[in-house]
1. Among the residues of region 66-75, write down those that are outside any helix (DSSP H, G or I) and exposed (fewer than 13 other Cβ atoms within 10 Å of the Cβ).
2. Considering only region 34-65, how many residues are within 21 Å of residue 6 (Cβ to Cβ), in a helix (DSSP H, G or I) and not basic (Lys, Arg)?
3. For the subset of region 1-33 comprising residues that are in contact (Cβ under 8 Å) with a residue 40 or more places away in the chain and not in a helix (DSSP H, G or I), which member is farthest from residue 51 (Cα to Cα)?
4. Of the residues 32, 15, 61, 22, only one is touching a Phe, Trp or Tyr at 6+ places or on another chain (Cβ under 6 Å) and among the hydrophobic types (A, V, I, L, M, F, W, C); which?
Amino acid sequence: METELRPFWSRFFNFNWKFGLFLILIVCIPRFVLVLKANSSGNYGYIGLVMTISALAPFIFLSKYGRKEIGIKKPKKLNSQKTATPLISSRVRVYQPRRKSSGRAQKLKASIDSFLKTICAWSLMPSLGK
């Protein structure tokens, strides 16, 4: 029987909710705190480190079988943009020429722009009660 976790981690955890809680405690909560601190201080130095650790976590904790079970697999073609490495595949944008937009799309864009301008104007208005 194959196990999802690597042999070293199988001694400490099973692939269940306790392992998920462990990952939340060591990756998600520190990331949340660091993002809050970075927003207030402007120092984003450690955010990249925490994001790298969270991207490498499946490769650190899971066996080949476990990675297959959660859907991480090797690409079939290495030269295709659609099969870029799993860590950056969601961030790759492929250039596509713009199509002519329909009148309905332009009306929708205009109404969204108008809505956003209204929200901005409301947020800049002084309080009426003062």
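1. 71, 73, 74
2. 11
3. 2
4. It is 61.
Conditions tested, residue by residue: (1) over 15 Å from the mean Cα position of the chain (by Cα); (2) under 19 Å from residue 70 (Cβ atoms).
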site: 20; (1), (2): yes, yes
site: 28; (1), (2): no, yes
site: 38; (1), (2): yes, no
site: 44; (1), (2): yes, no
site: 54; (1), (2): no, yes
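Each value in this text was obtained by applying a stated rule to the coordinates, not by laboratory testing. Note that the structure is a prediction, hence the values are computed from the model and not measured. Cβ sites come from the backbone with ideal geometry, for glycine too, and all protein chains shown count toward neighbours.
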